[in-house]
Amino acid sequence: MSLRLALMIVPADAEDERDEFSDTFTVVDASAPALSVGELSTQRGDGVFESIGVVDGHAQELEPHLRRLAHSARLCDLPAPNLAQWRQAIVVAASECPPGEAVIKLILSRGVEHGPTPTAWVTAASAADFTAVRHDGVRVVTLDRGYDLGAGERAPWLLLGAKTLSYAVNMAALREAKRRGAEDAIFVTSDGFVLEAPTASLILRFGGRFITTAPSAGILHGTTQLSVYEHLEAQGFACEYATIAASALTTADAAWLVSSVRLAVPITAVDGTPVATDPALTANINRYLLSPR
């Protein structure tokens, strides 16, 4: 994944209603040093981010990503981002993306320790080729997330519903999955309920019903999952949010991990138990996810 562009942003106040913000962000050399050693995004992971899929220069699901960026900032007590400013920066980044698939990242951190303002930047890069995994699927293992189903509402300071830069646990989970002979993981609560994957949402199919974990469980409300639900509902399927027992994973008629860049990836096995797949529907969903949205 080669970095093509980086934009450093001087964050504008959320109440700034001007129409033009191009003078508030600057294109910088993506290969050159740009952050202070006192930057809290690198020292403590103290910030939030979004990854936006780009197809042929079009940033997918832009508004849901901006809303979630604002939601994560609010949960982390960061200043509210000026969404018009970020929207303009994304347009510039998308214009530099090559034909085909790419990824834009939005990063908002608390800035330099004791500094006056947050630090913000946008990057654009070519996406990895996920064609094979979209077709062949992944084996997953279930991993205990270490808290029960009610932890998100009981302890909001855990920031379970925010997309933060603190991804060390997520990456450790993927390494553990590989040690166990799988390609990905699904987090479950200590009391036996399904949460999400380290970098994706989960969707299960039971007949004509599609189910995903309710966001109240302390997970990210996936932008791609929302888009897939809109697509499926338009085709007459029932789409639901629910509390899902971990035991339901191997009884589903099909299951997918969905995310902004990898798109819809079928699950082929859970903890070594084969899971049915639906290649035709997977292809249908991915055609939709690759269309402008």
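Tabulated data for the structure shown
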item: Sum of -39500 (n - 2.57) over DSSP H runs of 4+, divided by residues of the chain (222 nm, nearest 500); result: -7500 deg cm²/dmol
item: Leading residue at positive end of dipole, the stretch 44-105 (Cβ point charges), from P64, A94, C76; result: C76
item: Förster radius 51 Å - calculated FRET efficiency between E113 and A283, Cβ distance, rounded to 0.05; result: 0.55
item: Semi-axis lengths, Å, the stretch 82-126, gyration tensor of Cα atoms, sqrt of 5 times eigenvalues; result: 25, 12, 6
item: Charge dipole (the chain, unit charges on Cβ, about Cα centre) - positive-most of V54, F21, G208; result: G208
item: Distance from the stretch 100-123 to the stretch 242-293 (C-alpha centre basis), Å; result: 31 Å
item: Length-normalised contact order of the stretch 1-136 in % [C-alpha pairs under 8 Å, at least 6 apart]; result: 36 percent
item: Dipole of the chain [Lys/Arg +1, Asp/Glu -1 at C-beta], most positive-end residue of A238, L3, V169; result: V169
item: Spin-label pair R87/D144, simplified geometry with 7 Å Cα→Cβ offset, distance in nm; result: 4.7 nm
item: Spherically averaged projected area in nm², based on the convex hull that wraps the Cα atoms of the stretch 131-289; result: 8.6 nm²
item: Cα point-scatterer Debye curve for the stretch 72-213, base-10 log of I(q)/I(0) at q = 0.09, 0.10, 0.16, 0.20 Å⁻¹; result: -0.40, -0.50, -1.16, -1.32
item: The stretch 3-126: radius of gyration and largest Cα-Cα distance (Dmax), Å; result: 13.7, 42
item: Cα-projected label distance for D191 with D13, points at 7 Å along beta-carbon direction, nm; result: 4.5 nm
item: The chain - percent relative contact order, Cα under 8 Å, separation 6 or more; result: 19 percent
item: Using a Förster distance of 30 Å, the FRET efficiency for S166-D56 (Cβ separation, nearest 0.05); result: 0.35
item: Cα pair count fraction exceeding 34 Å, expressed as % - the chain; result: 21 percent
item: Sorted peptide list for 255-264, 63-72, 159-168, criterion being average Cβ within 10 angstrom, highest first; result: 255-264, 63-72, 159-168
item: In sequence order, calculated HN-Hα J values of the stretch 20-27 (Karplus, 6.51, -1.76, 1.60; Hz; x Gly/Pro); result: 10, 10, 4, 7, 9, 9, 10, 6
item: Cα point-scatterer Debye curve for the stretch 160-236, base-10 log of I(q)/I(0) at q = 0.13 Å⁻¹; result: -0.46
item: Percent antiparallel among DSSP beta bridges (both partners in the stretch 131-289, rounded to 5); result: 55 percent
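Every number in this text was worked out from the coordinates using simple rules, so none of it is lab data. In this text the structure is predicted, and so the values were computed from the model without any measurement. A quick note on method: Cβ atoms are made from the backbone with ideal geometry, for glycine too, and the neighbour counts reach across all protein chains shown.
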